[in-house]
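The values are calculated or read from the model by the stated rules, or taken from the named source; none is laboratory data. Just so we're clear, the structure is a prediction, and the values are computed from it rather than from any experiment. In this analysis, Cβ positions are derived from the backbone assuming ideal geometry, glycine residues included, and neighbour counts consider all displayed protein chains.
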């Protein structure tokens, strides 16, 4: 029987519940009739009103309870785990952003390293049955062999964000080995969709297109990304969460899985898709490669498909259109100025 569908409804914690993926995951868990505790520190990394709007929608649901919490606070996090007695923990809270890690490296210390350790300690002391946590495609660094496979060596990160995510995988593996915590690391590949973060390419590009501002196109457009729609990502998270890994032959109950679309898209093709959905052309500001960035990402998702029967099914055109439709609704265009009388 699936861990998500046991006769006694599992107690579920979602960290980063007011974040992009955490919000969508919490909605789906609630749709399944589960009771969800959500935590978030509500940091102002991007416009707080967007996080507040996501949270407001979750708080309309009777089975959702919100706890404002900075996971780097050891005592408060330990208390939350002790009070919650959670069966499944979805750890999605983190300081995101490759480029931001170049500008503000200290922001990653508390959120991504201390926050991960307090979660692992919480799982250790409260008997969590499965920890599912967010890793990133950035751990592959500047690997040239494509597609990117989970068994590839990932010891050469080229940004602090990537290094923090690789550290999370190592930390979880050690806790799984030492304390038997079943853990699944999900390496997300360029997730996009409605309610996304304003620092993400699709959000910045669409906003600039509608405002008639130029978009920054790095490496002169010679980039490819494995764009993955958020609903497909949540499908994968739920499928993996339902079946915890089991320790065998002296190996820790820890696994790593790519979550992507398995289809890299050239950046200029992506921009053309945005232009069609927006109904107007982008003004392109061609720039060299930015520090910490990589030229290509491409997820080998064969293990996810083979073991969990999950395959991303949302095509780029559909996903982009759904994002643009949401953007038009959430940020309606200003009415035209009245003509002088």
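So which of 244, 288 is in a loop (DSSP other than H, G, I, E, B) and either touching a strand residue (DSSP E or B) at 6+ places or on another chain (Cβ under 6 Å) or under 25 Å from residue 319 (Cβ atoms) (or both)? Quick ask: steps written out before the conclusion?
Working: 288 fails: either touching a strand residue (DSSP E or B) at 6+ places or on another chain (Cβ under 6 Å) or under 25 Å from residue 319 (Cβ atoms) (or both).
The conditions single out 244.
What is the one condition in (1) part of a helix (DSSP H, G or I); (2) over 20 Å from residue 315 (Cβ atoms) that residue 202 does not satisfy?
With (1) part of a helix (DSSP H, G or I); (2) over 20 Å from residue 315 (Cβ atoms) applied to residue 202, the lone miss is (2).
In segment 200-230, how many are in contact with a helix residue (DSSP H, G or I) (Cβ under 7 Å, 6 or more places away or on another chain) and under 20 Å from residue 17 (Cα atoms)?
Of the residues in segment 200-230, 2 are in contact with a helix residue (DSSP H, G or I) (Cβ under 7 Å, 6 or more places away or on another chain) and under 20 Å from residue 17 (Cα atoms).
How many residues does segment 164-197 hold that are under 30 Å from residue 27 (Cα atoms) and without any contact (Cβ under 8 Å) to a residue 12 or more places away in the chain?
Matching residues across segment 164-197 total 1.
Residue by residue, here is whether (1) over 18 Å from residue 290 (Cβ atoms); (2) at pLDDT below 95; (3) surrounded by 20 or more Cβ atoms within 10 Å (Cβ to Cβ); (4) more than 17 Å from the chain's Cα centre (by Cα) holds:
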position	(1), (2), (3), (4)
108	no, yes, yes, no
114	yes, no, no, yes
118	yes, no, yes, yes
145	yes, yes, no, yes
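I'd like to verify a number: residues in segment 121-136 that are surrounded by fewer than 24 Cβ atoms within 10 Å (Cβ to Cβ) and either out of contact with any helix residue (DSSP H, G or I) (no Cβ under 7 Å at 6 or more places or on another chain) or in a helix (DSSP H, G or I) (or both), how many?
Going through segment 121-136 one residue at a time, the tally reaches 5.
Looking at (1) outside any loop (DSSP other than H, G, I, E, B); (2) in contact with a helix residue (DSSP H, G or I) (Cβ under 7 Å, 6 or more places away or on another chain); (3) under 30 Å from residue 29 (Cβ atoms), find the lone condition where residue 312 falls short.
Residue 312 satisfies every listed condition except (1).
Here are 39, 12: which of them is buried (at least 23 other Cβ atoms within 10 Å of the Cβ) and either modelled with pLDDT under 95 or under 16 Å from the mean Cα position of the chain (by Cα) (or both)? Outline the logic, then answer.
Details: 12 fails: either modelled with pLDDT under 95 or under 16 Å from the mean Cα position of the chain (by Cα) (or both).
Exactly one of 39, 12 is buried (at least 23 other Cβ atoms within 10 Å of the Cβ) and either modelled with pLDDT under 95 or under 16 Å from the mean Cα position of the chain (by Cα) (or both), namely 39.
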